[in-house]
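**Q** If you scroll down you'll find the structure; I have some questions about it.
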Amino acid sequence: MTKINKIKSILNEKGITSKWLAAQLDVDPTTVSKWCTNSSQPDILTLLKIAHLLDLEVTDLYDEEIISQYSSKN
């Protein structure tokens, strides 16, 4: 599976658990687990909430190669 987001590594860097993130977003912990394993992706509104909670820009949540790949298509 392609690594699209960096949620898992960012949580690890910040010492935050996926359970904490799930509680803050009022979602099931298995949902966050799926995001962390890149088996699914959060919607844009959830991404904005995650970025706010983690004091990041939305683009910080994604792999730079993925961002540049889609940015170059315009």
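The values are calculated or read from the model by the stated rules, or taken from the named source; none is laboratory data. Since the structure is predicted, the reported quantities are computational estimates derived from the model, not experimental observations. Positions of Cβ are backbone-derived with ideal geometry, glycine not excepted, and every protein chain shown enters the neighbour counts. With ligands, DNA and RNA removed, areas are computed over all heavy atoms of the protein, side chains included. Shrake-Rupley method; radii C 1.70, N 1.55, O 1.52, S 1.80 Å.
**Q** Using the heavy atoms of the protein chains alone and a 1.4 angstrom probe, what is the accessible area of the chain per residue in square angstrom? Intermediate values should be presented prior to the final figure.
**A** Working: 5060 Å² over 74 residues.
Heavy-atom accessible area per residue stands at 68 Å².
**Q** Moving on to the next point. Each residue of the range 25-34 in turn: what ³J(HN,Hα) in whole Hz from Karplus with 6.51, -1.76, 1.60 and θ = phi - 60°, glycine and Pro shown as x?
**A** 8, 6, 10, 5, x, 5, 5, 5, 4, 5
**Q** Given the DSSP H assignment, sum -39500 (n - 2.57) over each helix run of at least 4 residues in the chain and divide by its residue total; what's the result at 222 nm in deg cm²/dmol, nearest 500?
**A** Result for the chain, helices only: -15500 deg cm²/dmol.
**Q** Take ILE66 and LYS8, extend 7 Å from each Cα along the Cα→Cβ direction, and tell me the distance between the two endpoints in nm.
**A** 1.2 nm
**Q** Mind running the shape call on the range 7-67? Use the C-alpha gyration tensor, a ≥ b ≥ c as the square roots of the eigenvalues: rounded below 1.5 for a/c, prolate if a/b tops b/c, oblate otherwise.
**A** The shape class here is rounded.
**Q** Mind listing the long-range amide H neighbours of TYR62? Cut-off is under 5 Å, sequence gap 5 or more, other chains count too, H placed in the peptide plane at 1.01 Å from N.
**A** LYS6
**Q** What length, rounded to one decimal in nm, is gained on full extension from THR31 through to ALA51, with 0.36 nm per residue of separation minus their alpha-carbon distance?
**A** Working: separation 20, 0.36 × 20 = 7.20 nm, distance 1.66 nm.
Value of the extension gain: 5.5 nm.
**Q** Another question, if that's okay. What part of the accessible area of the chain, given as a whole %, is carbon or sulfur when the probe is 1.4 angstrom? Walk me through the intermediate numbers first.
**A** Values: 2550 of 5060 Å².
Carbon with sulfur: 50 percent of the solvent-accessible area.
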